[in-house]
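The values are calculated or read from the model by the stated rules, or taken from the named source; none is laboratory data. Since the model is a prediction, treat every value here as computed from it, not as a measurement. Backbone-built Cβ (ideal geometry, glycine too); neighbour counts: all protein chains shown. Accessible surface areas use protein heavy atoms only, side chains included; no ligands, DNA or RNA. Shrake-Rupley method; radii C 1.70, N 1.55, O 1.52, S 1.80 Å.
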Amino acid sequence: MENRSLVTIAEHSKEKILYMLEMAKEFEKKPNRKILDGKVVATLFFEPSTRTRLSFETAANRLGARVIGFSDPKATSSSKGETLKDTIMMVSNYADIIVMRHHLEGAARYASEVAPIPIVNAGDGANQHPSQTMLDLYSILKTQGTLDNLNIYMVGDLKYGRTVHSLLMAMRHFNPTFHFIAPDELKMPDEYKDYCKKNNIKYVEHTDFNEETIKDADILYMTRVQRERFTDLMEYERVKDAYILRYDMLRLTKSNLRILHPLPRVNEISYDVDESPKAYYFQQALNGLYARQAILCDVLGITLDDIIEDGKK
Amino acid sequence: MSEKKQALQVAALENGTVIDHIPSDKLFTVVSLLRLQNSDLNITIGNNLPSKKLGKKGIIKVADRYFTDEEINQLSVVASNIRLNIIQDYEVVEKKEVQLPDELMGIVRCNNPKCITNNEPMKTHFHVVDKENGILKCHYCEKEQNKDSIKTI
């Protein structure tokens, strides 16, 4: 059988991405269905992640599937020294899909190679988090009406932030112009700038973050600057407040601008921004539900037509 | 002609393979990559022999054994200038150079300590993304690394 696992978004063609976003749109129209009735979804969280797990479990529940799994690896056999392969093989006997989050990079790829059932990567270390990328794409499409020719500004931790890396790669099909706004210590790695060059993606780098730099943005993608990422804590103290978005910085921005954030936020978006119609991060999280419903159906081989047909019931 | 003469200084090989121009410090890595330590074939190993190109070199002669391109190409990870002479009836019938293959399976270790391959009993797998500069990409954690910076298994 063809392996329908979702390990990374980079493997998906433009057509496939648009197809899955179309599926997500159908689920937004009607999120509660029975299309996964009788299916069992296992959520294996070898590393805790409340919001991703809740989102996947809600997606499964709203489609009529049952959910098994664990959210605390300390309570599982991996703490007894069981290998990932053995855990995956065991759970494959019980479930129809495995949604997994693991602290080791490449864990989902490996699981997809050993498992007889589809694997959905819900984050493997600093590597990939494709469901986040799908919901980011869906949020961009929904708010801008298109994915093509947009000015996308990424702010904060561009070095370790896997969400910005995945989004950057997925956007290669859509002729974006990126602006990377980050302190020197957390600059976009060369690897991804090379990727942009290779794929003819335009980008501009900034260290300043003010109303002037962001005035042409269609999407402002904020990320958290984490203290533990800094080797030099003096440097952290210096930059930590330089990458905070405040309400008054939105004065010159375009009316179609939307502010995204993968959440959780700490202080990088001040609370007064929440009042702005341009703030979109909570709706973005809700879009995660529809994107994940689309992912669960796609890995099981359920098509867009099946979903449209099911919607008529 | 002179190469043949030097080969004969060690031991004449009727049939088999001479692996030449191995950097001296990589000789035993080559032995272990080809799993010669477990072989019961007639094998001659020489090291620190004078070499015009390398200063010092190692050489391995294996009687009655011919290697597949796959086996040979994995040697390119440790040394790109290794030469192989295929011997039949005391004559060199073919010379081969090693080439970095497209994929490396179970040969080198990933440099990323957080990679699954360093934490599970499993084979490593690399894609060679740039042969000229020796850039490998881990199939699992997707980190790119230079072949000179990584260790063999």
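On the basis of being part of a loop (DSSP other than H, G, I, E, B), touching a Lys or Arg at 6+ places or on another chain (Cβ under 8 Å) and open to solvent by 10 Å² or more (accessible area, probe 1.4 Å), does residue A:277 make the cut?
Values: part of a loop (DSSP other than H, G, I, E, B): yes; touching a Lys or Arg at 6+ places or on another chain (Cβ under 8 Å): no; open to solvent by 10 Å² or more (accessible area, probe 1.4 Å): yes.
The answer is no for residue A:277.
Across region B:14-67, the number of residues qualifying as assigned to a helix (DSSP H, G or I) and either closer than 19 Å to residue B:89 by Cβ or open to solvent by 30 Å² or more (accessible area, probe 1.4 Å) (or both) comes to 7. Evaluated against (1) under 18 Å from the mean Cα position of the chain (by Cα); (2) closer than 27 Å to residue A:289 by Cβ, residue A:192 falls short on exactly one condition, (2). Where helices (runs of 4 or more DSSP H) sit wholly within region A:35-147, those with at least 2 residues that are more than 14 Å from every other protein chain (Cβ to nearest Cβ) and under 18 Å from the mean Cα position of the chain (by Cα) occupy A:50-62, A:130-144. Residues considered: B:85, B:73, B:112. Of these, the only one that is within 14 Å of another protein chain (Cβ to nearest Cβ), over 19 Å from residue A:113 (Cα atoms) and open to solvent by less than 80 Å² (accessible area, probe 1.4 Å) is B:112. Checked against (1) open to solvent by 10 Å² or more (accessible area, probe 1.4 Å); (2) of a type outside the set (Asp, Glu); (3) in contact (Cβ under 8 Å) with a residue 60 or more places away in the chain, residue A:60 passes all but a single condition, namely (1).
Looking across region B:115-142, the residues that are surrounded by 18 or more Cβ atoms within 10 Å (Cβ to Cβ), within 13 Å of chain A (Cβ to nearest Cβ) and within 18 Å of residue B:100 (Cβ to Cβ) come down to B:124, B:125, B:126, B:138, B:139. Identify, please: which residue in region A:154-175 is surrounded by fewer than 24 Cβ atoms within 10 Å (Cβ to Cβ) and farther than 24 Å from residue A:122 by Cβ and is, among those, nearest to the chain's Cα centre (by Cα)? That would be A:174. Looking across A:229, A:238, A:246, A:258, one residue alone is open to solvent by less than 70 Å² (accessible area, probe 1.4 Å) and of a type in the set (Lys, Arg). It is A:258. Residue B:80: over 15 Å from residue B:20 (Cβ atoms), among the hydroxyl-bearing types (Ser, Thr, Tyr) and free of Cβ contacts under 8 Å to residues at least 60 places away in the same chain, yes or no? When the stated conditions are applied, residue B:80 does not pass them. Within region A:214-253, being within 19 Å of residue A:167 (Cβ to Cβ) and either among the β-branched types (Val, Ile, Thr) or without any contact (Cβ under 8 Å) to a residue 24 or more places away in the chain (or both) holds for A:214, A:219, A:223, A:225.
Being more than 7 Å from every other protein chain (Cβ to nearest Cβ), over 28 Å from residue A:87 (Cα atoms) and in contact with a strand residue (DSSP E or B) (Cβ under 8 Å, 6 or more places away or on another chain) is the filter here, so list the residues in region B:143-153 that pass it. Residues satisfying the conditions are B:145, B:146, B:147, B:150, B:151, B:152.
Residue-by-condition table, conditions (1) outside any loop (DSSP other than H, G, I, E, B); (2) within 20 Å of residue A:30 (Cβ to Cβ); (3) modelled with pLDDT of 95 or more; (4) not assigned by TED's automatic domain parsing to the domain that holds residue A:18:
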{"site": "A:266", "(1), (2), (3), (4)": "no, no, no, yes"}
{"site": "A:297", "(1), (2), (3), (4)": "yes, yes, yes, no"}
{"site": "A:302", "(1), (2), (3), (4)": "no, yes, yes, no"}
{"site": "A:307", "(1), (2), (3), (4)": "yes, yes, yes, no"}
